[in-house]
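FYI, it's all coordinate maths here, none of it is from the lab. What you see is a predicted model; the values in this text were computed from it and never measured. Glycine gets a Cβ as well: all are built from the backbone with ideal geometry, and neighbour counts include every protein chain shown.
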Amino acid sequence: MTNDVTALIQVLSDYHDTLVAQYQRVGEAHTELATRYHALSQVYDGRGAAQFKVEWQHVQSTFEAYVDGVPRVLSMLSAKIEQLRRLDQEL
């Protein structure tokens with residue numbers, strides 16, 4: 001029979017794995033999108049292009065915040081999982 005700590009470890013570990021996989025998928029999708037944006041920006045001109053560039057810069061800054069934030073969350077989550085594993089061994 002598992003205790004609450006063991007169950008919590010499993011849930012947090014599953015969440016960690018899901019977050020890692022999602023982080024990788026988002027990174028790959030963003031790389032593809034950035035490549036396409038670069039190609040478009042070479043041929044797209046005018047007012048529409050200027051507005052699109054502003055919006056793209058917003059996407060870039062949001063993505064950069066995500067790229068910076070997720071590893072910190074993963075690190076904290078890993079540390080908490082390890083703490084819980086030690087606690088679970090003591091129980």
(request) For residue 29, state whether it is out of contact with any strand residue (DSSP E or B) (no Cβ under 6 Å at 6 or more places or on another chain), surrounded by 10 or more Cβ atoms within 10 Å (Cβ to Cβ) and more than 19 Å from residue 12 (Cβ to Cβ). (result) yes
(message) Being over 30 Å from residue 6 (Cα atoms) and either aromatic (Phe, Trp, Tyr) or in contact (Cβ under 8 Å) with a residue 12 or more places away in the chain (or both) is the requirement here; does residue 37 meet it?
(response) yes
(request) Please go through the range 1-52 and pick out each residue that is aliphatic (A, V, I, L, M) and assigned to a loop (DSSP other than H, G, I, E, B). (result) 1
(request) Considering only the range 1-26, state which residues are of a type in the set (Phe, Trp, Tyr) and in contact (Cβ under 8 Å) with a residue 60 or more places away in the chain. (result) 15
(message) If I filter the range 53-71 for residues that are under 15 Å from residue 19 (Cα atoms), in a helix (DSSP H, G or I), among the basic types (Lys, Arg) and under 24 Å from the mean Cα position of the chain (by Cα), do I get at least one hit?
(response) no
(request) Identify, from the list 68, 88, the residue that is surrounded by 11 or more Cβ atoms within 10 Å (Cβ to Cβ), acidic (Asp, Glu) and either more than 30 Å from residue 4 (Cα to Cα) or touching a residue at least 12 places away in the same chain (Cβ under 8 Å) (or both). (result) 88
